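Notes to accompany the following structure.
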Amino acid sequence: MKRLFASLALISGLVALSLAGSAGAGAPIPVLASSGGATIAPMLKQITPGVVNIAVRGRVKEQNPLLQDPFFRRFFNVPPGQRTQERETQATGSGVIVDAAQGYILTNAHVVENETRIEVTTKDNHRYEAKLIGRDEETDIAVLKIPANHLTAVPLGDSDKLQVGDFVVAIGNPFGLGQTVTSGIVSALGRSGLGIEGYEDFIQTDASINPGNSGGALVNFDGQLIGINTAILAPGGGNIGIGFAVPIDMARKVMDELIHYGVVKRGRIGVTIQDLTPDLAQAMNTQHTVGAVIARVEAGSPADRGGLKSGDLVVAVDGSPVRSGTQLRNLIGLSPIGTDVKLSVYRRGSESTVKVKVEQAVATPSRRPVR
């Protein structure tokens with residue numbers, strides 16, 4: 001499926017047909033040298049069998065403007081209530097096998113949107129009908145399952161350890177050409193505010209990503225999966241060197257929830273937050289330049305019971321640095337319900353640790369039906 005957000009495009013391939021009626025583990029793989037110079041071919045030989053092509057058939061309902069006209073409906077004797085028609089869609093994308101023993105595949109939620117049938121093709125051309133375990137629109141992550149038949153999984157890495165400038169490789173199925181490998185670097189981390197998803201903490205890369213790469217792998221030179229390719233900045237519809245991937249640390253948490261519950265149970269602690277700006281940092285007399293400022297604490301909430309106060313600056317959660325209010329929201333939202341999180345808090349010139357229990361957030365209605 002393909003959607004545009006002010007020049008931002010989700011990157012699965014789409015063909016629409018109008019119808020009248022109707023986690024694997026593995027040791028790091030070093031970059032090797034050959035007689036022709038440095039190469040990552042040995043690493044790719046081991047992990048590319050774990051990246052698959054995904055073909056999706058689906059059906060969507062669309063409103064026909066003619067059916068909204070009372071005269072048209074009366075003249076052609078259109079039955080009452082029949083103001084929509086169904087359209088069949090075909091989409092292509094990519095996916096990553098993350099558990100060879102169980103046959104679990106990570107991909108994008110928008111790739112399998114409105115699915116009626118999902119077919120997975122491995123690199124050796126074996127085809128499987130896949131079962132949709134669950135999909136989460138807020139992070140654009142979905143989990144599929146295929147028969148565990150001599151599959152190869154891509155080892156999971158640690159996206160929290162990424163740095164700008166790290167070399168990465170994107171593997172997917174652009175434009176339906178078949179498996180393709182491109183390389184680049186991590187251009188930026190923690191990208192948010194793009195309006196693509198509800199929970200955004202993107203890895204930005206200049207590795208060439210194009211339509212059809214959605215759900216494909218972003219790996220480091222050790223052959224470890226560090227992101228799921230999701231979107232590109234595409235004013236002209238193609239790659240211009242700005243692509244985005246969901247960090248594997250976030251995707252892994254979503255996957256675990258979808259496998260266990262079929263949905264993602266999001267957490268909350270009962271605060272309103274905002275980014276630390278230079279003006280706020282000056283007013284708070286802090287040397288910190290990044291973090292999340294607590295603007296309001298809900299009375300009786302876990303944050304209130306834990307001792308958080310309005311004006312507190314959260315700089316880390318369970319030891320992981322917090323760069324922004326969005327990142328704090330992501331970390332809390334994807335924390336297991338009922339667990340305690342340790343917040344590193346700056347308050348009036350000193351830092352302390354506040355322990356807060358995560359409670360389940362009230363579910364909001366999905367923008368589209370989830371099968």
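Here are the numbers for the structure shown:
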{"read-out": "Residue within segment 262-285 that is over 25 Å from Gly227 (Cα atoms), among the acidic types (Asp, Glu) and out of contact with any helix residue (DSSP H, G or I) (no Cβ under 7 Å at 6 or more places or on another chain) present", "value": "yes"}
{"read-out": "Verdict on Val98 being assigned by TED's automatic domain parsing to the domain that holds Gly243 and either closer than 23 Å to Glu257 by Cβ or not in a strand (DSSP E or B) (or both)", "value": "no"}
{"read-out": "Counted residues, segment 116-144 - those being basic (Lys, Arg) and either assigned to a loop (DSSP other than H, G, I, E, B) or not assigned by TED's automatic domain parsing to the domain that holds Val52 (or both)", "value": "1"}
{"read-out": "Count - residues of segment 164-180 that are part of a strand (DSSP E or B) and buried (at least 18 other Cβ atoms within 10 Å of the Cβ)", "value": "6"}
{"read-out": "Checking Ile232 against (1) surrounded by 22 or more Cβ atoms within 10 Å (Cβ to Cβ); (2) assigned by TED's automatic domain parsing to the domain that holds Thr339, the condition it does not meet", "value": "(2)"}
{"read-out": "Among (1) surrounded by fewer than 23 Cβ atoms within 10 Å (Cβ to Cβ); (2) in contact with a helix residue (DSSP H, G or I) (Cβ under 7 Å, 6 or more places away or on another chain); (3) modelled with pLDDT under 85; (4) in a strand (DSSP E or B) - the single one Glu62 does not satisfy", "value": "(2)"}
{"read-out": "Count - residues of segment 265-318 that are outside any loop (DSSP other than H, G, I, E, B) and not charged (D, E, K, R)", "value": "23"}
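Residue-by-condition table, conditions (1) surrounded by 13 or more Cβ atoms within 10 Å (Cβ to Cβ); (2) over 28 Å from Ile203 (Cβ atoms); (3) at pLDDT 90 or above; (4) touching a Lys or Arg at 6+ places or on another chain (Cβ under 8 Å):
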| site | (1), (2), (3), (4) |
| --- | --- |
| Val271 | yes, no, yes, yes |
| Gly300 | no, yes, yes, no |
| Asp304 | yes, yes, yes, no |
| Gly307 | yes, yes, yes, no |
| Leu313 | yes, no, yes, yes |
| Ile332 | yes, no, yes, yes |
| Ser352 | no, yes, yes, no |
| Glu359 | yes, yes, yes, yes |
| Arg367 | no, no, no, no |
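Yes or no, residue by residue, for (1) under 14 Å from the mean Cα position of the chain (by Cα); (2) of a type in the set (Asp, Glu); (3) not assigned by TED's automatic domain parsing to the domain that holds Ser94:
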site: Gly172; (1), (2), (3): no, no, yes
site: Gly176; (1), (2), (3): no, no, yes
site: Arg191; (1), (2), (3): yes, no, yes
site: Asp201; (1), (2), (3): yes, yes, yes
site: Ala207; (1), (2), (3): no, no, yes
site: Asn210; (1), (2), (3): no, no, yes
site: Ile228; (1), (2), (3): yes, no, yes
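The values are calculated or read from the model by the stated rules, or taken from the named source; none is laboratory data. The shown structure was predicted, so the numbers you read here are calculated from the model rather than taken from an experiment. Because the Cβ atoms are built from the backbone with ideal geometry, glycine has one as well, and the counts that use them run over all protein chains shown.
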